[in-house]
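Trainee: Attaching a single structure in structure tokens format; questions to follow.
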Amino acid sequence: MNTELIPHGLQAKSQSWWALYDVYLQTPIWAEKRRRVFERARGLCEGCGVRRPTCIHHLHYPAGVLPGSKEWIRAEKLFDLVALCDCCHADLHPGKDHLEIRSFAG
Ligand SMILES: [Zn+2]
Ligand SMILES: [Zn+2]
């Protein structure tokens, strides 16, 4: 099993990867992680420290495992997730396509 981490956005993701990722974002497991990251942020964006966070950004994705798999869930740590406001999140995705932004907004 390869749980090596890759920098955010470097690896081109397949349609099926995004499909699984979108399904994962609907699960209670993700909802709980998301809740904990927002709780850690205490109502302030972890990018600017000023605005209210609205979304969770991955610093890294677990590599070599499918989104939502047991291996993914184990490898996806809260320190790789940050709560950001829309402005800070947009700064991190210059020129990224709509699909990726939409997926992160979940
Ligand atoms: Zn911000
Ligand atoms: Zn992001």
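Values in this text are rule-based calculations from the coordinates and carry no lab data. Remember, it's a predicted structure, so these values are computed and weren't measured experimentally. Quick reminder, even Gly has a Cβ in these numbers, built from the backbone with ideal geometry, and neighbours come from all protein chains shown.
Trainee: If R0 is 22 Å, what FRET efficiency do you get for PHE79 and CYS48 from their C-beta distance, rounded to 0.05?
Mentor: 0.70
Trainee: When Lys and Arg each count +1 and Asp and Glu each count -1, what net charge do the other residues less than 13 Å away from PHE79, Cβ to Cβ, add up to?
Mentor: Result for the neighbourhood of PHE79: +1.
Trainee: How do the peptides 78-90, 18-30 rank, highest first, by the average count of neighbouring beta carbon atoms within 10 Å per residue?
Mentor: Averaged packing, sorted descending, gives the order 78-90, 18-30.
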